[in-house]
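Asker: One structure, as structure tokens, below. Some questions next.
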Amino acid sequence: MNTNAWNTFIQDTQQLTKPARATQLIPKTAIIEIKQLIIEVLQGFLNKEELHMGLKVYIDHKLRNDMIEKMAANPPTLDCDLEEWSEQIFGDQKFGMVLIGLEQYSNAFAEKAATTVHPLLEMAGLPLHGLSFLFFMGNYGFTPFGIHKEATGEDGILFHLGPGNKQFYTWDDPKYNAIEHNSEVFHNISEMLPKGEVYALAPGDAMFIPHYVYHVGNTPEFSLSFVLDYINPPKDRFENELIKETSEEALHTQTEYTNPITLDTSFQELSSVIDYQSIQQKIAISFARKIMRLKSNGGIRRKSNMIRTVIPPTENFSIKGKKAFPIYLDEQDPKETLLFARGHRLMVKKHPMLSQLIEQLNKESAISITMIRQQMEPEWDLIEVLGFVQELLSIEAVLLEEN
């Protein structure tokens, strides 16, 4: 990925605060690969049971989710052309599709997406609610749900994949920016267009939309775009959610019992009952683990899907780490080590060489199973070593290489 193009994009958006377009942020070879992975995403979605959750289908700007059953009965194949498949489903009708949470339907898409946007995280930082992805597909003209703004804190980067061009309009105006989120949508598009800023997007271009800016897209010819949601939550909401997550961690930092209070204890005196330093410590641990979970998954909110994988019957193989998905360790428990990999939490028995092994994987070094055994035995027996490797492979945190 072109680091210089990302650097220019960050500058043009004034550090992700203003709408801006980037030209050719995605090369043509990557467009082909991403389109193929989106077919895999669609297959993953259409194979699940709850088809009414996550996908919206519009025909002539009217919601038509009854078409999803037809799509499920005729899912796209990996060798198909999405435009031709769409014609089989919708004929010559003007249609639009919006699917959210792409990363949960394909580990391969999630890996490609994380790799694509990694320069963004290096330059702009990791948003505290992570990353999520959605796509738009069709020839629907203007966005069916009108001129709108995203949810609070959800900035978006739209990556246009084509094959047709797309126009994007924004209204970065104080009177519109001040309107409360989710309170007003505008459908008088033709009337408002002259007041908007227009951006022409060709395949490979990208568009940044801050969460407070009203916008609408226009896709007159069949095209596909995927969108990165870069989610920075309001501070108060984030703190409340973190407190809830801390309670679910079941952390224990002391064994003292609280004493009863007298009925005439004043509100001012109640503060002496609680150990605020202990609470702060627990929240700090929970926060650190939340960040390690996100970092281990390339910033993506949803953890990877578990897959079935079989370790070769002989020990003639190696595993190799992935640059986009570093593994993190939490050593606070005296008996077990908590690992974060692809957004998952794995508990393993403590081992003095574990941190060195993880460091090697994070450097993308290929490590043979023989070498791993030499490092980890006898503290870990063969079953524990193979179980550890199996867990990393089943969440696709490492690659398997047969020697």
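Asker: Where does helix 107-124 land angle-wise versus the long Cα axis of the chain, in degrees 0 to 90, nearest 10?
Answerer: For helix 107-124, the angle is close to 90 degrees.
Asker: Peptides 230-238, 210-218, 273-281, 295-303: what's the order by average Cβ count within 10 Å, highest mean first? Walk me through the intermediate numbers first.
Answerer: Values: 230-238: 15.4, 210-218: 20.7, 273-281: 11.4, 295-303: 22.6.
Packing order, densest peptide first, comes out as 295-303, 210-218, 230-238, 273-281.
Asker: Please arrange 381, 333 by how many other C-beta atoms lie within 10 Å of their C-beta, fewest to most. Please report the intermediate quantities before stating the final value.
Answerer: Numbers: 381 13, 333 10.
By the 10 Å Cβ count, ascending: 333, 381.
Asker: For a quick protection proxy, order the peptides 60-67, 10-17 by their average other-Cβ count within 10 Å, most packed first. Present the calculation step by step, with values, prior to reporting the outcome.
Answerer: Numbers: 60-67: 13.1, 10-17: 14.6.
Final packing ranking: 10-17, 60-67.
Asker: Could you work out how far helix 235-249 tilts from the main Cα principal axis of the chain, as a 0 to 90 degree angle to the nearest 10?
Answerer: Once rounded, the angle reads 40 degrees.
Asker: Given a Förster radius of 56 Å and the C-beta distance between residue 363 and residue 184 as r, what FRET efficiency does 1/(1 + (r/R0)^6) yield to the nearest 0.05? If you can, show how the numbers build up before the last one.
Answerer: Details: r = 51 Å, r/R0 = 0.91.
After rounding, the FRET efficiency stands at 0.65.
Asker: Mind giving me the nanometre distance, one decimal, between the label points for residue 349 and residue 285, set 7 Å out from Cα along Cα→Cβ?
Answerer: Placing both labels 7 Å along Cα→Cβ, they lie 2.3 nm apart.
Asker: In straight Cα distance, which lysines are under 30 Å from residue 56, not counting same-chain residues fewer than 8 positions off?
Answerer: Straight-line reach from residue 56, under 30 Å: 18, 28, 35, 48, 70, 94, 112, 149, 166, 195, 303.
Asker: Could you put 55, 392 in order, starting from the residue whose Cβ has the fewest other Cβ atoms within 10 Å? Spell out each step's value before the answer.
Answerer: Values: 55 19, 392 22.
Ordered by Cβ neighbours within 10 Å, fewest first: 55, 392.
Asker: So for region 275-403, considering every pair of alpha-carbon atoms, how many percent are separated by more than 26 Å? Let's see the in-between values first.
Answerer: Values: 1808 of 8256 pairs.
The calculated P(r) of region 275-403 puts 22 percent of pairs beyond 26 Å.
Asker: Below 8 Å between Cα atoms, with a sequence gap of 6+, how large is the relative contact order for the chain in percent?
Answerer: Values: 709 pairs, mean separation 65.9, N = 403.
Here the relative contact order equals 16 percent.
Asker: For 123, 137, what ranking results if the residue with the fewest other Cβ atoms within 10 Å of its Cβ goes first? Mind dumping the intermediate values first?
Answerer: Working: 123 15, 137 23.
So the residues, fewest neighbours to most, are 123, 137.
Asker: Right, next: For region 288-317 and region 221-273, write down the distance between their C-alpha centroids in whole Å.
Answerer: Region 288-317 and region 221-273 have Cα centres separated by 27 Å.
Asker: Relative to the first principal axis of the alpha-carbon coordinates of the chain, what is the inclination of helix 276-296, with its axis defined by its Cα atoms, in degrees from 0 to 90 and to the nearest 10?
Answerer: Around 60 degrees separate the two axes.
Asker: Tell me the Rg and the Dmax, in Å, that the Cα atoms of the chain produce.
Answerer: 24.6, 76
We did not get these values from a lab; they are worked out from the coordinates using the rules stated. None of the values given here were measured: they were computed from a predicted structure. Cβ atoms come from the backbone with ideal geometry, glycine included; neighbour counts cover every protein chain shown.
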